[in-house]
């Protein structure tokens, strides 16, 4: 683990958001609801963008097929960026459905009020800790940190 947290703007934004989410929703139930809402909003937006891109691609493909009838055949075409984006979004949506199935299991867990109080107590300790291991691990999603080799 690095001795100091990264100070780049992306990491700073992540640290600030990480801490805010812990401070503003410090119980198990609140974290369950927050994560469910975040997952659902991600699925809704991603699904809508995918639908629009699929419509755009269908229109684009129809236009290209009518224009290609006069084009010479045998030329290797490069992958269509729109088609690649659609495939990537389809994969994202499949992963989001899998995450949703796992998240449903999280809602099966209910804890007594004294355990919720423990969540509140520890939230005050975790939120300002810049070297919290979970925080550093999650930070890698936004920025490559020195404690992990670059992914290719």
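Since every read-out is calculated from the coordinates, none of them should be taken as a lab result. Here the structure is a predicted model, which is why all the values come from computation and not from measurement. Cβ sites come from the backbone with ideal geometry, for glycine too, and all protein chains shown count toward neighbours.
Annotations for the structure displayed:
- Taking 0.36 nm per residue of separation and subtracting the current Cα-Cα distance, fully stretching the chain between residue 125 and residue 80 would add 11.3 nm.
- The ranking of 15, 57 by Cβ neighbour count inside 10 Å, starting from the fewest, reads 57, 15.
- Taking the fewest neighbouring Cβ atoms within 10 Å as the starting point, the ordered list for 41, 46 is 41, 46.
- Ordering 18, 95 from the fewest to the most neighbouring beta carbons within 10 Å gives 95, 18.
- Per-residue extension of 0.36 nm, minus the Cα-Cα distance of residue 56 and residue 107, leaves a gain of 14.6 nm for this segment.
- For the pair residue 29 and residue 99, a Förster radius of 22 Å applied to the C-beta separation gives a FRET efficiency near 0.70, rounded to the nearest 0.05.
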